[in-house]
């Protein structure tokens, strides 16, 4: 009887030991799989990072080549304006280059003292109106950025320049749909973000804030440049750029006066655009995204093209020194870097 009891106890102990071993093995397996996933994500993140950097390098080569081929004009017909796709290792890389002059620059909304800049303030007000948002949205953005604390919408205002456009969501009364676009009671609308930038954050010496490149700006931005500008004329400007020229490629404005060729443009509208239009850009946002499997990493690199001597591209060159030396070549300078997602993120599973 005692032996049978001892055998039962031994069997129970053996089962307990077996259960403990199974739990330990399962825990070790789960830990191993977890560490493996972390290592794979880290490797994918690293590959994406180098892919984005390679994308920046390729974009710089395109911009340098463009400066040699077309030093006086920047338009959407040029190579840098089309998406750049390539593979680096396991990373699928996509690069998109956008000139900042196609947008309304919120960093130029105020001057160095934090005082509102009338030209850019007016552009923002018109943009908000043209997108069918209530006028107070422009006032809320202006009060959030300018240094004045006596505005109507100063609650939780930063009273300083934006770090990124997503910061607009911190403003009371500004909804995600207003920023990114969405469906409203009266139909679908585009969002403000599509037409805004924060680059460059400081104006170059002698550069006028609020200048827009008529070769690259959207109809919405062009429409926002003047009270005399109409939606029809703004769309006609964009349509003119898509028509084939003598070389069979889409046309481009080689000088601001070419704007007079557009149907509907008159002397009054053209005069109201004085100081706000150009045909060349000096600041470019290089948006590079690397993807390995379900892991993505994206960065925006901001590059400024300066003429020889350090002036922004498009500004008058300095007087000749008389030494006979050739003029200095324009330079591309990295003036800003921001991660669009600063941690490894896995895309959600696609719905079946």
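Values for this structure:
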| item | result |
| --- | --- |
| Degrees between helix 136-145 axis and first principal axis of the chain (Cα, 0 to 90, nearest 10) | 80 degrees |
| Under the Debye formula (equal points on every Cα, no solvent term), log10 I(q)/I(0) of segment 49-123 at q = 0.13, 0.17 Å⁻¹ | -0.58, -0.78 |
| Mean Cβ neighbour count within 10 Å, used as a protection proxy, ranking 152-163, 21-32, 177-188 highest first | 152-163, 177-188, 21-32 |
| On Cα atoms only, tilt of 118-130 relative to the major axis of the chain in degrees | 70 degrees |
| Euclidean distance between Cα centres, segment 75-124 to segment 130-188, Å | 20 Å |
| Cα-only radius of gyration and Dmax that characterise segment 101-278, units Å | 16.9, 56 |
| Answer label, with Cα extents along the principal axes in Å calculated from the coordinates and candidates [x] 71, 44, 41; [y] 59, 46, 35; [z] 115, 55, 42 | [z] |
| Computed [θ] at 222 nm, helices only, for the chain once each DSSP H run of length n ≥ 4 contributes -39500 (n - 2.57) | -11500 deg cm²/dmol |
| Computed lengthening from residue 239 to residue 25, 0.36 nm per intervening residue step minus Cα-Cα distance | 70.3 nm |
| Peptide ranges 8-19, 260-271 listed from the most packed, as the mean C-beta count within 10 angstrom indicates | 260-271, 8-19 |
| Ordering of 223-230, 245-252, 68-75 by packing [mean C-beta count within 10 Å, highest first] | 223-230, 68-75, 245-252 |
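Read-outs: derived from the displayed coordinates by stated rules, not from any lab. Since the model is a prediction, treat every value here as computed from it, not as a measurement. When we count neighbours, we look across all protein chains shown, and the Cβ atoms used for this are built from the backbone with ideal geometry, even at glycine.
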